[in-house]
1. How far is it, in nm, from the label point at residue 34 to the one at residue 19 when both lie 7 Å from their Cα along the line to the Cβ?
2. Taking R0 as 41 Å, what FRET efficiency do you get between residue 44 and residue 64 from their Cβ-Cβ distance, rounded to the nearest 0.05?
3. Within the set of other residues whose C-beta is less than 14 Å from the C-beta of residue 24, count the net charge using Lys and Arg as +1 and Asp and Glu as -1.
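Laboratory data are not the source of any read-out in this text; all were calculated from the coordinates shown. Keep in mind it's a predicted model, so treat the numbers as computed, not measured. Cβ sites come from the backbone with ideal geometry, for glycine too, and all protein chains shown count toward neighbours.
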Amino acid sequence: MTKKTKELEADAVKWRKRWEESKESFAKVEKNKQSLEVELKRSNEGLTKMKELCRALQEERKQMLKELKDGSTGKENKEPVPVPAEGSSNNHLAESVQEQQGLDSAGKSETGNLQVTPSESPTTTPTSQ
């Protein structure tokens, strides 16, 4: 009987150890799951912002192409494109796009006026100094 009791006690210790190991493993998995959920939430928020920005840029591109097709500059009567107001990062983006295009704050070329007609290719005319 004592032999059987010792076997049962050893078996109980073995199962208890396995249970504790699985409990620790489950805690690690749960912690990892929570961190992945936080990362997923941040990624989804970033994706939403990027989609909004993409839509705004597509709308602006569509308007600019329409202006080029119509042959008008449209700078005086142009309605602003609605851009999500999530901080100043959008303003910074607009400024960097203007810098890349060589435009000043009024939207005019710093090196000369760009004249484009639908039937011609773009040509620059020197500015009078």
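1. 2.4
2. Approximately 0.85, to the nearest 0.05.
3. Working: positive: 16, 17, 18, 23, 28, 31; negative: 20, 21, 30.
Result for the neighbourhood of residue 24: +3.
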